[in-house]
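**Q** The following block contains the structure, expressed as structure tokens.
The values are calculated or read from the model by the stated rules, or taken from the named source; none is laboratory data. Note that this is a predicted model, so its numbers are computed, not measured. All Cβ positions, even for glycine, are placed from backbone atoms using ideal geometry, and neighbour counts span all protein chains on display. Accessible surface is based on the protein model in full, side chains and every heavy atom, while ligands, DNA and RNA are left aside. Shrake-Rupley method; radii C 1.70, N 1.55, O 1.52, S 1.80 Å.
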Amino acid sequence: MQLMLDYHIGAASIARSLASYVATIFELIPALKGNIPPWVGHGGQEFFGGTLSINILAPILLAVLTVILCLGVGESSAVNSFMTAAKVVIVIFVIIVGSFKVDVDNWSPFAPNGVKHIFTGATVVFFAYVGFDAVANSAEESKRPQRDLPIGILGSLLVCVVLYVGVCLVITGMVPYNLLGEDAPLSEAFTSKGLKYVSILISIGAVAGLTTTLLVGLYVQSRLYLGLGRDGLLPSIFAKVHPIRHTPIHSQIWVGIVAAVLGGLFNVHILSHILSVGSLTGYSVVAACVVTLRWKNNTGNRVSSKCISTWCEGVLCIFLVACCGFAAGVLYRFGTHFIVMIVAVVIAIMACAALCFRQAYSDPPGFSCPWVPIVPSVCIFFNIFLFAQLHYEAWIRFIILSIVSVGIYAFYGQYHANPRSDETIIYHMAPEEDRH
């Protein structure tokens with residue numbers, strides 16, 4: 001549920017940014033320039049000291065994309081492919097043109113707020129990488145998942161990292177970081193340098209890029225609800241698939257409604273403070289599951305020298321790695337002496353070593369995570385380390401939502417869960433004869 005709320009909040013915040021760029025494009029029309037009120041596109045009309053920020057364009061955009069996704073995978077895939085090609089071309093063009101306007105003095109000091117704030121910023125923008133796990137959620141709709149998923153995840157990750165870094169270097173080199181706008185920073189940066197035509201392209205590229213991000217985010221959310229509905233952890237209505245469109249239409253509409261409410265009532269700044277909690281904790285849980293699922297079947301029957309099962313010993317080691325990551329993160333955040341942090345790191349390394357030498361691991365066929373349990377352990381440690389850098393609002397959200405999640409499972413999920421259901425629903429592109 002933590003990860004699902006991250007998707008909701010991420011979709012809402014992206015919809016806010018998308019609304020701002022769409023409003024910028026509308027303002028190219030002379031009659032609309034400067035006449036679009038803030039509650040329509042730019043930012044929002046704030047109430048109660050900024051606690052609420054009304055924006056009507058963001059929910060409208062979310063509604064349109066939700067309808068596209070409800071129509072079917074083929075329709076949404078065509079829109080996504082076109083938008084992705086457009087945004088990649090524009091981003092590369094922006095990096096090339098912007099590099100000629102870079103003032104290297106703007107990069108000095110390179111980390112004006114110190115390394116500590118880099119980690120804090122990393123937790124806020126971590127949701128920018130959430131979409132890469134979306135590829136895994138579309139495994140059922142992949143022809144050769146063992147080959148296609150690794151290529152899709154690793155390839156897109158590499159390309160996006162290069163583009164992210166390139167854009168960040170260009171924009172901070174063009175304009176001092178403290179003068180960058182919040183709603184449409186790229187467009188404003190190029191406009192300030194007299195490159196109005198580039199700012200127009202950026203607005204178009206931003207609309208394309210944010211649209212594809214929203215499409216993927218909304219798509220994945222609906223599939224998560226679909227999976228939980230199948231297993232009985234949520235009401236069965238979320239597991240229903242449209243007989244013609246072959247999409248989980250109820251889940252898709254619900255996802256769109258929640259994102260629209262958040263996007264229409266809260267601004268990006270407030271939403272960003274409680275982002276990434278679900279991503280960091282969710283990815284840590286996935287990494288832990290990778291380790292436990294690789295243990296051989298007879299692992300749980302063996303007994304260690306401490307008279308506890310090897311399975312329990314492994315779980316304790318994973319938990320110890322997570323605790324050490326959190327401890328190191330808290331110590332770093334509050335400026336504790338470096339030596340104390342080293343102790344937490346050493347304990348984590350010892351726990352990882354115990355996982356390596358005291359457990360037996362299977363080697364599944366096809367593509368699988370390499371260097372288990374080292375890679376998952378490092379993943380858990382650094383995810384929880386970043387978790388410790390989050391704003392206090394995010395910690396409060398994590399505690400409250402964890403209580404709610406446990407409550408939902410305690411009073412509903414455990415009585416309706418059906419993980420071994422014989423019914424398997426496969427959603428796929430509608431046959432050609434059904435689509436005409």
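**Q** Just reorder ASP231, ASP6, ASP363 by solvent-accessible area, largest first, 1.4 Å probe, all chains present. The partial results should precede the final answer.
**A** Values: ASP231 60, ASP6 5, ASP363 130 Å².
So, going from the largest accessible area down, we get ASP363, ASP231, ASP6.
**Q** Taking region 1-266 as the region of interest, what is the percent of Cα-Cα pairs per 5 angstrom bin, listed from the shortest bin to the one with the maximum distance?
**A** Each 5 Å bin holds this share of Cα pairs: 1, 6, 11, 15, 17, 17, 14, 9, 5, 3, 1, 0.
**Q** Still on this model: Extending each Cα 7 Å along its Cβ direction at ASN106 and ALA31, get the distance between those two points in nm, one decimal.
**A** 3.6 nm
**Q** Just to be sure I understand the model, the point goes 7 Å from the Cα along the line to the Cβ. What's the resulting ALA360 to LYS143 distance in nm?
**A** 4.0 nm
**Q** What does the highest-first list of 252-258, 205-211, 112-118 look like by mean Cβ count within 10 Å?
**A** On the way: 252-258: 20.7, 205-211: 23.7, 112-118: 11.1.
Answer by packing, highest mean first, reads 205-211, 252-258, 112-118.
**Q** Work out, step by step, the length gained on full extension between VAL346 and CYS160: first 0.36 nm times the residue separation, then minus their alpha carbon distance; give nm to one decimal. Could you put the intermediate results ahead of the total?
**A** Details: separation 186, 0.36 × 186 = 66.96 nm, distance 3.31 nm.
Separation in residues times 0.36 nm, less the Cα-Cα distance, equals 63.6 nm.
**Q** Between PHE47 and ILE396, what is the spin-label point distance in nm, taking each point 7 Å from the Cα along the Cα→C-beta axis?
**A** 2.1 nm
**Q** On to the next question. Relative to the present Cα-Cα distance, how much length would full extension add between VAL64 and HIS337 at 0.36 nm per residue of separation?
**A** On the way: separation 273, 0.36 × 273 = 98.28 nm, distance 5.24 nm.
Length difference between fully extended and current span is 93.0 nm.
**Q** Using heavy-atom solvent-accessible surface (probe 1.4 Å) with all chains present, what is the largest-first order of HIS246, HIS337, HIS416? Don't jump to the answer; show the numbers that get you there.
**A** Working: HIS246 30, HIS337 120, HIS416 90 Å².
Most to least solvent-accessible, the answer reads HIS337, HIS416, HIS246.
**Q** Follow-up question, since we're still on this one. How many lysine pairs are close in region 1-266, with Cα atoms under 25 Å apart and the two 8 or more places apart or on different chains?
**A** The result is 9.
**Q** Ordered by residue, what ³J(HN,Hα) values in Hz, to whole numbers, does region 241-248 give under the Karplus form 6.51 cos²θ - 1.76 cosθ + 1.60, where θ = phi - 60° and Gly and Pro are x?
**A** Residue by residue, region 241-248 yields 10, 4, x, 9, 7, 6, 10, x Hz.
**Q** Provide the packing ranking of 371-379, 148-156, i.e. peptides ordered by the mean count of other C-beta atoms within 10 Å per residue, highest first.
**A** Working: 371-379: 19.3, 148-156: 14.7.
Ranking the peptides 371-379, 148-156 by packing returns 371-379, 148-156.
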